[in-house]
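> The structure follows.
The values are calculated or read from the model by the stated rules, or taken from the named source; none is laboratory data. Quick caveat, the model's predicted, so the values are computed rather than measured. When we count neighbours, we look across all protein chains shown, and the Cβ atoms used for this are built from the backbone with ideal geometry, even at glycine. Just the protein is used for accessible areas: all its heavy atoms, side chains included, with ligands, DNA and RNA removed. Shrake-Rupley method; radii C 1.70, N 1.55, O 1.52, S 1.80 Å.
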Amino acid sequence: MTNRLYVTTPIYYVNDKPHIGHAYCTILADALARYTRLNGGETYFLTGTDEHGQKVQQAAEKRGVTPQAHVDELFSAFKDLWPTLACAPDRFIRTTEPAHQNVVQRALWQLHDQGLIEDRAFEGWYCVPDERFWTEKEIVAGNCPDCGRPVTRLQERNWFFLMSRFQDRLIAAVQSGEMAIVPANRANEVLGFLREPLQDLCISRPKSRLSWGIELPFDRDFVAYVWFDALLNYITALAPDLPPPTADDHALTPHLLASPAYQKWWPHVTHCLGKDILTTHAVYWPTMLLALGLPVPQRLVTTGWWLMDDAKMSKSVGNVVDPLVLRDKYGADVMRYFFLREMAVGQDANFSEEAVIRRNNADLANDLGNLLQRVIGMCVRSFSGKIPAATRAPSHVLADAIAYMQLLQQPQTTREPETVTTREFETVAVTAGQARLNRTLTDTMALTQKLNGVLTSDAPFKTVLTDREAAATTLFHVLDGIVVAARLLAPVIPAASAEILRRLQVRDGTLHPGTQLIEGPPLFPKREFVSGGLPVEELHAQPGAAMATSGRGLQDFRTGEFRAERDPSNLVDIETFARSQLRVGLVLAAEAVPKSKKLLRLSIELGEPQPRQILSGIAETIAPADLVGRQVLVIANLPPRLMMGLESHGMLLVAEDADGKRVALHPARAVPNGVLVK
Ligand code: ME8
């Protein structure tokens, strides 16, 4: 099979500056492209800006400039950001480009010719900020069901795309996987949506209400609906020389099918998008393509949201984090690693600077950076700074690490050798190919943890005194393992990876014994926690021997990760622990919090005069019915906290299963409500 990837991001509205939600999606797409190239594939990466529509018109009005002046000024805030985050799109598209206008006008004209667009008088509830109509049934107490703001009654003539005709064809495409939607629960969400009859789609806006858009070629009183316009960007990029439509030549499809770029890339398209724009991508877009006689997209990768204190980070709430600030403070590599390691694609994740620092210190500074420092340091002390040669059979622990390193690099899922475990192992090529990059990174970092374990158990800094060849063998293979890790991490931390390969003087992809190693400062300096009284993390401050002898804590037998609870700086004395009051309580009631996908509101009997209200971010994985009537564990002496306007008086204790899904904890048999857990 051809290993090609045409990867796209949503095109971002230029109504404001970029935030980390945008940065995340672009970094994800960039990393997917880089992993494909790492595995020998070819890629084309598209991003850009969505410059028409009401939001942009309103943003321009607010600034007192024309929409054109506004977009010309603001699009570069996006375009110029990406290279500084090590994102390398092949094409940056703007929907105000003439090439794109040609595509949109041709698509409209063709569908009109085919009788798939017709005009109708229409009346409905309209949400101005969201630019969309809602039905009577959909609105909630006079408000938009999506953003909660008031809707207005509007009557107008408009052009409709006969989307409903493609419902069955679309269901078949989703069910058969012709259009894959990942993760799978999002495919189910789309199929659920398609259980109701599909409506036709209003694809025009009268110029009297909105003039900033692409004119309908067959009715000058209208511009195209911004989503109809925006979605077509994904094929504009593949039809570079399309002439403007004329009376004699105004269809899109024949030109597109004849375009070499379209032929080459379209069958391999992956759209990355946030879950808030799933319907537009999984329903509007494929039906538009089907109507044009074109194949549906191959794959939609739907991401979750970055949350701050369990609320979506968004411009309207004003809790956004500026990607530039983050980049300036931590650098592009740390930011990319954090985003891709911390968020399981499809699920929400909480953003905090503490979490960035924790990842930086534990994974990058410690497991990777410190490993490199230690091993180069040992070579400097004992082998004149040269790469030693491996002449001996590896120790058992080293052999295990070597087997793991070979496994990681296999092109396909493969059975693990007995030395590791006996389950099927998904290699980097497989997990990255499936866009499960947090898994790719966990598996790759497990290699660095194994290599640290090898240094601890083989102790070459000691054996070098009695058996130089044994020490040389260990050091060579650990260096070789670092090369593998650097290569496999290159799509995520390109700068650090290149620096590692430079320091190890890798040529033609391999190490050359006898070559002089290059020393340098730590690749990822450790960071101090910003606030909240968290201690400065000095887990393994001493490179070399101190770390090897102090032990790195417990190794998690499932993941191979070292856990830090044995580390002296992480110990908690019993008095401090006893101040956290963990209690058993009975769940009397549980219900979803309106407008929140994550939160459940629980009423818990804790042996107090009144039941407690506790909010918990478990709604996506635990059903209310699974909790009501059962005893659970809670922390009972946390200060009250406001979430979605509701007070939470404690926290439910949960564990996470192998997929990161939350699981409640229950006592093995009933105990009185309110008893302390000790
Ligand atoms: O929707 N966490 O543009 P946009 C993660 N122009 N992702 C987030 C996020 C968050 N907190 N907030 C926003 C548009 N995003 C359209 C797209 S495509 C043909 C047209 C993501 O600038 C959001 O989910 O509002 C979406 O995928 C992307 O940023 C673009 O947002």
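> Can you find, among 261, 474, 516, the residue sitting farthest towards the positive end of the charge dipole of the chain, where Lys and Arg contribute +1 and Asp and Glu -1 at Cβ?
Positive-most Cα among the choices belongs to 474.
> Relative to the longest principal axis of the C-alpha atoms of the chain, give the angle of the C-alpha long axis of helix 396-408, reported between 0 and 90° and rounded to the nearest 10°.
For helix 396-408, the angle is close to 10 degrees.
> Set Lys and Arg Cβ to +1 and Asp and Glu Cβ to -1, take the dipole of the chain about its Cα centre, and tell me which of 360, 71, 574 lies farthest positive.
Farthest towards the positive pole: 574.
> Follow-up. Mind giving me the FRET efficiency for residue 669 and residue 130? R0 is 45 Å, r the Cβ-Cβ distance, nearest 0.05 is fine.
On the way: r = 51 Å, r/R0 = 1.13.
FRET efficiency, residue 669 to residue 130: 0.30.
> What are the aspartates and glutamates whose alpha-carbon lies under 12 Å from the alpha-carbon of residue 275, with same-chain residues fewer than 8 places away excluded?
Of all the aspartates and glutamates, those that pass the test against residue 275 - Cα under 12 Å, at least 8 places apart if same chain - are 189, 348.
> Further, regarding this structure: With the other protein chains left in place, how much accessible area per residue, in square angstrom, belongs to segment 4-303 at a 1.4 angstrom probe?
Values: 11470 Å² over 300 residues.
Counting only protein heavy atoms, the per-residue value for segment 4-303 is 38 Å².
> Per DSSP H run of n ≥ 4, the term is -39500 (n - 2.57); total these for the chain, divide by its residue number, and report the mean residue ellipticity at 222 nm rounded to 500 deg cm²/dmol. Intermediate results must be reported in sequence, preceding the final value.
On the way: 24 runs with 236 residues, N = 678.
Counting only the DSSP helices, I get -10000 deg cm²/dmol.
> Please compare each pair in 312/661; 62/137; 79/526; 62/329 to a cut-off of 24 Å on the Cα-Cα distance and tell me which ones are over it. Let's see the in-between values first.
On the way: 312/661 19 Å; 62/137 33 Å; 79/526 31 Å; 62/329 32 Å.
62/137; 79/526; 62/329, as the Cα separations exceed 24 Å there.
> Fully extended, how many nm does the chain gain between residue 42 and residue 580 (0.36 nm per residue separation, minus their Cα-Cα distance)? List each step's numbers first, then the result.
On the way: separation 538, 0.36 × 538 = 193.68 nm, distance 5.40 nm.
Gain on extension, residue 42 to residue 580, equals 188.3 nm.
> For segment 350-503, what is the Kirkwood hydrodynamic radius in Å, using each pair of distinct C-alpha atoms?
Details: mean 1/r = 0.0616 Å⁻¹.
About 16.2 Å, per the Kirkwood formula over Cα pairs.
> Charges at C-beta only: +1 for Lys and Arg, -1 for Asp and Glu. How large is the resulting dipole of the chain about its Cα centre, in Debye rounded to 20? Mind showing how you got there, number by number?
On the way: 70 positive and 76 negative charges, 219 e Å.
Computed about the Cα centre, the dipole is about 1040 debye.
> Starting from the Cα of residue 17, draw a straight line to each of the aspartates and glutamates and keep only those under 15 Å, dropping any in the same chain fewer than 8 residues away.
Cross-link targets: 50, 51, 72, 73, 80, 322.
> Still on this model: Note down the nm distance, to one decimal, between modelled labels 7 Å out along Cα→Cβ at residue 257 and at residue 355.
Placing both labels 7 Å along Cα→Cβ, they lie 4.7 nm apart.
> Under 8 Å for C-alpha pairs, at least 6 residues apart: give me the relative contact order for the chain, rounded to a whole percent.
10 percent
> Averaging over every viewing direction, what projected area does the convex hull of the Cα atoms of segment 4-303 cover, in nm²? Don't skip to the answer; put the middle values down first.
On the way: hull surface 61.4 nm².
Averaged projected area of segment 4-303's Cα convex hull equals 15.3 nm².
> For segment 4-303, with all protein chains present and a 1.4 Å probe, just round the carbon and sulfur fraction of the accessible area to a whole percent.
Details: 5840 of 11470 Å².
That share works out to 51 percent.
> While we're on this one: Under a point-charge model restricted to the Cβ atoms of Lys and Arg (+1) and Asp and Glu (-1), what is the dipole moment magnitude of segment 350-503 relative to its Cα centre, in debye to the nearest 20?
Details: 16 positive and 15 negative charges, 78 e Å.
Value, rounded to 20: 380 debye.
> Using the alpha-carbon atoms, what tilt in degrees (0 to 90, nearest 10) does helix 98-113 show relative to the longest principal axis of the chain?
Taking Cα atoms only, the helix is inclined about 50 degrees.
> Quick one: angle between helix 494-503 and the longest Cα principal axis of the chain, in degrees between 0 and 90, rounded to 10, please.
Once rounded, one gets 30 degrees.
> At 0.36 nm per residue, minus the direct Cα-Cα distance, what do residue 498 and residue 457 gain on full extension? Give it in nm, one decimal, please.
Numbers: separation 41, 0.36 × 41 = 14.76 nm, distance 2.86 nm.
Length gained between residue 498 and residue 457: 11.9 nm.
> Checking the cross-link filter: which lysines have an alpha carbon closer than 17 Å to that of residue 207, excluding same-chain neighbours under 8 positions apart?
Straight-line reach from residue 207, under 17 Å: 55.
> Follow-up. Would you please state which residues of segment 287-305 a label at residue 189 would reach in this model, taking the label point 7 Å out along Cα→Cβ and a backbone N cut-off of under 15 Å?
300-305
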